[in-house]
Amino acid sequence: MGLLSSILTLPLAPVRGVIWLGEVIQDQVEQQLHDPAALRAELEEIDRAAQAGQLSEEEQKQAQQSVLDRMTGSTSDLTAIDRTEE
């Protein structure tokens, strides 16, 4: 039965390959988004840009908060919505 099912599902092999490739890409992106070294480098780049005058203080705070939210897995947007509903 294994040979027969392999032959019958052979046309689906490209679809399975694309799904597998999508999962691999998603794993890599998630690893890069949550890599502590990459997050630290991003925070340092934000500080450099702020010191060079490329970012305002508010933009710096927002960028830092965005990185910290990714680091902790939380979103400040949801807390802001919760505060306005109260």
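A few comments on the model shown:
- Accessible area of residue 8 in the full protein assembly, 1.4 Å probe (Å², nearest 10): 120 Å²
- When Rg and the Kirkwood radius Rh are both evaluated on Cα atoms of region 1-62, their ratio Rg/Rh stands at 1.45.
The values are calculated or read from the model by the stated rules, or taken from the named source; none is laboratory data. On a predicted model such as this, the values are computed, not experimentally measured, just so you know. Protein only, heavy atoms only, side chains kept; ligands, DNA and RNA dropped before computing areas. Shrake-Rupley method; radii C 1.70, N 1.55, O 1.52, S 1.80 Å.
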